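The values are calculated or read from the model by the stated rules, or taken from the named source; none is laboratory data. Quantities reported herein were computed from a predicted structural model and do not represent experimental measurements. So basically every Cβ, Gly included, is an ideal-geometry build from the backbone, and we count neighbours across all protein chains shown.
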Amino acid sequence: MKLIAACLSVFLMFLSPSAFSRDTTHMMSIEDAMQSPDYQERLDPNIKFYFGSQNHPKVLNSFGQFSTNKKTNAFNKSDEEACRWVMLSALLSLQDRAIREGGNAVINIASYYKKNKVSSNTEFECHAGNIMAGVALTGKVVKIAH
């Protein structure tokens with residue numbers, strides 16, 4: 001009996017991580033996220049964000065390519081809620097970098113989850129699990145003409 005219990009314990013120990021872990025990929029609307037009150041309140045209107053190949057004003061100065069990889073607690077949140085929250089965190093990180101570098105925009109923003117680049121003008125990639133959600137972005141910090 002003890003042998004059966006021990007074997008069952010070992011089996012469950014190996015099964016648990018895969019049984020309870022989740023990594024669901026979501027492609028979410030950039031426009032919907034950017035229109036939310038949290039984004040409107042927290043993002044600096046003087047720093048502009050251009051996703052994928054969106055048109056932008058002339059680049060006057062380029063400060064380099066920068067990436068951010070943010071995670072948030074997804075426990076007891078819908079995937080959509082967690083993804084929007086962590087996307088805001090990622091954009092705030094890029095915004096802070098633009099300010100530090102002397103830029104006023106981030107262009108060519110693309111999702112960069114596990115270094116897999118997905119460029120879109122309309123969607124961002126988010127990965128949600130049972131406990132965490134993550135968004136990784138890469139973009140070029142620049143100074144653009146007004």
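Side notes on the structure shown:
- For the stretch 61-98, a residue qualifies if it is in contact (Cβ under 8 Å) with a residue 40 or more places away in the chain, over 22 Å from Met27 (Cβ atoms) and part of a helix (DSSP H, G or I), and the qualifying residues are Gln95, Arg97, Ala98.
- Residue check for Glu125: farther than 17 Å from Ile30 by Cβ and acidic (Asp, Glu): no
- Filtering the stretch 134-144 for residues that are surrounded by fewer than 24 Cβ atoms within 10 Å (Cβ to Cβ) and not in a strand (DSSP E or B) leaves an empty set.
- At least 2 residues being of a type in the set (A, V, I, L, M), closer than 24 Å to Glu81 by Cβ and modelled with pLDDT of 95 or more is the threshold, and among the helices (runs of 4 or more DSSP H) wholly inside the stretch 1-47 those reaching it are 30-34.
- Residues satisfying the stated conditions in the stretch 111-131, i.e. surrounded by fewer than 18 Cβ atoms within 10 Å (Cβ to Cβ) and modelled with pLDDT under 95: Lys114, Lys115, Asn116, Gly129, Asn130, Ile131
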